[in-house]
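All of the numbers you see were taken from the coordinates with simple rules; none came from a lab. Because the structure is a prediction, the values reported are computed rather than measured. Every residue, glycine as well, gets a Cβ built from its backbone with ideal geometry; the counts of neighbours run over all protein chains shown.
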Amino acid sequence: MSADAPVRAALARLKRWLVEDACPLWWERGADFANGGYFDRLGLDGRPAPGGKRLRVQARQAHAFALAAELGWMGPARAASRHGLSFVLGHEDGDGLYRLGATPGALDGMGLVYDQAFVLLALATVGRVFGDGDALEARAARLRERLGGFAEPLGGYREAAHLAEPLFANPNMHLFESFQAWSACGGDPAWRELAAGQARLALDRLIDPASGALDERYGASWRTAAAPQTRAVWPGHLYEWAWLLMNWSDGDETSAAAALRLIEAAERTGLDPTGAFAIFALDGALAPTDRGARLWAQTERARALARAAALTGDAALWRSAARACEAVEAFLDAPTRGVWRDWRRGDGVFVEEPAPASSFYHLVGAIAELERLFAG
């Protein structure tokens, strides 16, 4: 049996789950046909759960349903994608940024700029898949111009235009993703230049040359806090950055090497004792601070390990990728087919709570990457 055979088998199961269970459920029950957009969560019974809507979820659903069309969902993918995107585009503010309600106030790296990154991603994917590119690129170019006001002089983007600190890796990671998505569409070379800038940010400012990892939060001018216990490292984001750097590298040895070091750090320090699940958080010394596990981190582990295995031909990486796929499937073992568990506690017990729609983006992204690796 070839080293990649278990991952191929997992891909077949995950695609079947996606097109037969998840896509129909999140369109038929996840879409808010009365008020527009998508519900933020579905209960484990597959019914909408109480709570408000987040802009990032609307953009992520638009992106995810467009990818689902490429993965073989024969349902109304264009309508499902447009349902989310239309809701997003209806919430453009007078300053050219997109908001749904009040701007998130917590300085946690998942505020205004984070949301704009997903608007850019949705515009790129919907345009590429469904052929609406010109009009959507014009919108994206306007948003790109507005984001220029958030640029940090040493690279990357600030949480707010005049806020020198704290600085966050997470929104910059997703801008890297979105700039890559637009660069892949061709056209305006400015997108490739912006993506290259985000790669330089990761390589020159964010990744610790000693540990090979990177933090979630930084001081002014991307300074790292001195005390390890005050720092936070999320293994899921190490895998996500690694995948983005490999996706960007196109033969560039520096980016690929940094990506492999990120994966090595996450595999060495960021797994539960069984080696089956990526845990949630470490401190700056890469010691565990939260041994719980979230679904999204397992998906990012699976696609990063699979890309690294394909890049290097390392059979051990294929074995680890297969274990990561098994972890993803463990989260999908829910009372209603098509929803998922979100949290697994450190003691191995899954939390009984609604499934966040935001994870659909991670699931479809991982499946799309596996499909790409094995295509042809």
Inset, instruction - Any chance you could list P(r) for segment 211-364, counting all Cα-Cα pairs in 10 angstrom bins from zero, rounded to whole %? - result: 12, 39, 34, 14, 1
Legend entry - For Phe350, residues with placed amide H under 5 Å, excluding near neighbours: Arg345
Legend entry - Sorted by Cβ density within 10 Å, fewest first, the residues Met110, Met1, Met74, Met246: Met1, Met74, Met110, Met246
Inset, instruction - Note down the magnitude of the dipole of segment 79-214 about its Cα centre, charges +1 on Lys and Arg C-beta and -1 on Asp and Glu C-beta and zero elsewhere, to the nearest 20 debye. - result: 200 debye
Legend entry - Antiparallel %, DSSP beta bridges [both residues in segment 226-376], to 5: 90 percent
Legend entry - Extension gain from Ala3 to Phe374, taking 0.36 nm per residue of separation minus the Cα-Cα distance: 132.3 nm
Inset, instruction - Note down, for the chain, the three equivalent ellipsoid semi-axes (square root of 5 times each alpha carbon gyration tensor eigenvalue), biggest first, whole angstrom. - result: 27, 27, 21
Legend entry - Spin-label pair Glu20/Ala227, simplified geometry with 7 Å Cα→Cβ offset, distance in nm: 5.4 nm
Inset, instruction - Sum -39500 (n - 2.57) across every DSSP H segment of at least 4 residues in the chain, then divide by the residue count to get the 222 nm mean residue ellipticity, nearest 500. - result: -17000 deg cm²/dmol
Legend entry - Neighbour-count ranking [beta-carbon atoms within 10 angstrom, fewest first] of Thr254, Thr125, Thr269: Thr254, Thr269, Thr125
Inset, instruction - Could you line up Arg291, Arg146 from fewest to most neighbouring Cβ atoms inside 10 Å? - result: Arg146, Arg291
Inset, instruction - List every residue whose amide H lies under 5 Å from the amide H of Tyr157, counting only residues 5 or more places away in sequence or on a different chain, with H placed 1.01 Å from N in the peptide plane. - result: Glu152
